[in-house]
Amino acid sequence: AQSVTQLGSHVSVSEGALVLLRCNYSSSVPPYLFWYVQYPNQGLQLLLKYTSAATLVKGINGFEAEFKKSETSFHLTKPSAHMSDAAEYFCAVSDAGYSSASKIIFGSGTRLSIRP
Amino acid sequence: DSGVTQTPKHLITATGQRVTLRCSPRSGDLSVYWYQQSLDQGLQFLIHYYNGEERAKGNILERFSAQQFPDLHSELNLSSLELGDSALYFCASSARTTGELFFGEGSRLTVL
């Protein structure tokens with residue numbers, strides 16, 4: 001069974017600083033990996049996804065993530081934080097690709113705060 | 001706007017009662033997923049339907065059931081409600097070719 005571990009339930013950075021949100025996965029098959037963002041009182045929306053093509057994936061709002069199979073990691077980064085990045089971020093894994101039989105399992109989330 | 005519609009947005013009920021949450025997926029999406037989000041459990045996968053058939057099941061209690069209808073809308077039925085069932089329930093739909101989940105805004109259930 002697949003699982004996702006997000007290290008750090010809360011991360012705080014200064015505006016303009018590097019954002020690093022950590023995600024480690026476990027999967028018995030080549031995983032499909034995702035990062036989602038949730039703003040207050042809203043549903044989740046996709047930031048980026050890993051599809052086994054390029055290991056460095058670029059997403060929306062300047063975020064990117066690198067798939068490292070040897071470390072079973074898929075950390076999310078952004079070079080320079082903006083106040084608007086304050087939100088909850090979720091890493092997710094699917095062990096059946098885009099199959100109709102897939103489960104998509106989410107991590108526990110990391111709340112990102114931005115200090116002025 | 002994700003294109004996924006969930007009703008009701010808020011629901012307050014008493015222990016022991018039964019409620020039904022409704023989800024309309026994006027036009028053309030055949031998959032519907034249900035998730036429960038609570039402070040202590042995070043975002044828990046409940047169940048996945050594809051074109052009317054159950055395809056994957058997660059940590060869904062026996063008191064909960066779901067179905068997907070021929071018009072592809074889905075309902076999540078919660079019965080014999082307990083205080084611990086208070087949570088935000090999300091529905092998401094996906095297109096088979098992309099794997100991206102599109103989430104509704106959720107139904108917030110409060111059990112008193």
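Miscellaneous remarks
- Across segment A:46-116, Cα pairs under 8 Å and at least six residues apart give a relative contact order of 21 percent.
- Cα convex hull volume per residue for segment B:38-87 (Å³): 80 Å³
- Cross-link check: pairs A:K78/B:K57; A:K68/B:K57; A:K49/B:K9; A:K78/B:K9; A:K69/A:K103 evaluated at a Cα-Cα cut-off of 26 Å; pairs beyond the cut-off: A:K78/B:K57; A:K68/B:K57; A:K49/B:K9; A:K78/B:K9.
- Rg over Rh [alpha-carbon atoms, Kirkwood Rh] for the protein assembly as shown: 0.97
- Once the mean of 1/r is taken over each pair of separate Cα atoms and inverted, chain B shows a Kirkwood hydrodynamic radius of 13.9 Å.
- Sorted largest first, extent of chain A alpha carbons per principal axis (Å): 43, 30, 22
- Inter-part distance, segment B:58-112 to segment A:34-71, computed on C-alpha centroids, equals 24 Å.
- Net charge over other residues, Cβ less than 12 angstrom from the Cβ of B:H73 (K, R count +1; D, E count -1): -1
- Calculated FRET efficiency for the pair A:L7/B:I60, C-beta based, R₀ 30 Å, to 0.05: 0.60
Every number here is computed from the coordinates shown, using simple stated rules; none is lab data. Just so it is clear, the structure is predicted and the values come from calculations on it, not from any experiment. All Cβ positions, even for glycine, are placed from backbone atoms using ideal geometry, and neighbour counts span all protein chains on display.
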